[in-house]
Amino acid sequence: MSLGLQSYKKPCRPERVISQRSFSTRQKSAKMFKFVMILAVVGVATALAPVSRSEDAHADVVSRSDDVRADGFDTSLQTSNGIEQAASGDVHGNIHGNFGWISPEGEHVDIKYVADENGYQPSGSVIPTPPPIPEAIARALAWLESHPPAPEHHH
């Protein structure tokens with residue numbers, strides 16, 4: 001009878017058990033390595049992240065006004081660090097406004113703008129302007145304007 005019981009038992013192979021254990025250990029090691037690498041990347045990214053040391057990060061709102069109506073809106077904002085913004089808009093989507101701030105050099109920067117059917121049109125001393133049209137080109141354009149081409153006749 002003892003022979004019969006042995007025939008029902010599975011033979012135990014020690015090398016197979018060891019290899020399964022080492023596979024499981026390798027999986028755990030790989031997971032731990034990935035976890036440590038992710039933590040390292042997050043740590044480096046956090047250490048290298050820009051930190052605002054300027055007073056701008058701690059600016060307070062000095063005044064704010066928002067008036068939204070059926071025929072348009074008016075809005076304004078002023079902060080303790082010199083940032084200002086104001087805008088007015090109408091029911092047609094036309095907006096007139098301005099915004100400004102104090103540059104790092106201590107200069108007050110002011111931009112005025114119009115946004116309407118002709119697009120966004122900013123103006124201010126810091127907005128680059130195109131160079132003037134050369135005199136020869138201006139003369140040529142004036143001549144072309146005063147001498148329009150004859151209409152073409154198609155038969």
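The values are calculated or read from the model by the stated rules, or taken from the named source; none is laboratory data. Source: prediction; values computed, not measured. All accessible areas refer to the heavy atoms of the entire protein, side chains included, with ligands and DNA or RNA removed. Shrake-Rupley method; radii C 1.70, N 1.55, O 1.52, S 1.80 Å.
So the values come out like this:
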| item | result |
| --- | --- |
| Most to least accessible of Phe73, Phe33 (protein chains only, probe 1.4 Å) | Phe33, Phe73 |
| Accessible area of Glu135 in the full protein assembly, 1.4 Å probe (Å², nearest 10) | 130 |
| Accessible area of the range 61-106 belonging to carbon and sulfur atoms, whole % at 1.4 Å probe | 56 |
| Area of Arg139 that stays accessible when all protein chains are in place (1.4 Å probe, Å², to 10) | 140 |
